[in-house]
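The structure under discussion appears below in the form of structure tokens.
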């Protein structure tokens, strides 16, 4: 009994640093995702009209904040593309995609998104009857490491901020 208890605590101690560092990496990645979302939404809310279609508009918003991905039309995005992972609980800045339309989540609690529409750049409810009739929406989160000089310069506090979650 004593041996198995000691072995348990030794294994726990050996595994704990790896678990904690993984949690800290996930926390840092989460903060980076929040900053990406905030930056994209902030850029989008400054635009009232655009000649771009929805997928070009979303791509341009990401580029404006220094996040680059290969342009894809919404019908392709709907199937999933490299650089984005499908999520089932959207966060601010995630893509919301229907076959034929794409936007960016503004507030998941209010179920709103920003998109280029024929009547301008608007924030809409993705649970409205209009959007429900478009079919089942899918959500995608940018998943590549952010290494663009533009993004890093604008968000340099990411590299200097602590990855501690306040437990040390």
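All of the numbers you see were taken from the coordinates with simple rules; none came from a lab. Computed from a predicted structure; not experimentally measured. Cβ sites come from the backbone with ideal geometry, for glycine too, and all protein chains shown count toward neighbours.
Quick notes on this one:
- Label-reachable residues, segment 79-100, where backbone N falls under 17 Å from a point 7 Å from residue 38's Cα toward its Cβ: 91-94
- In nm, spacing of pseudo-spin labels at residue 75 and residue 134 (7 Å Cα→C-beta vector): 1.6 nm
- Projected label distance in nm at residue 88 and residue 64, using a 7 Å step from Cα toward the beta-carbon: 3.3 nm
- Kirkwood hydrodynamic radius computed over segment 30-108 comes to 12.7 Å, based on all pairs of distinct alpha carbons.
- Contour excess over end-to-end distance, with Cα ends at residue 144 and residue 127 and 0.36 nm allotted per residue: 3.3 nm
- Cα centroid separation, segment 55-104 to segment 112-142 (Å): 12 Å
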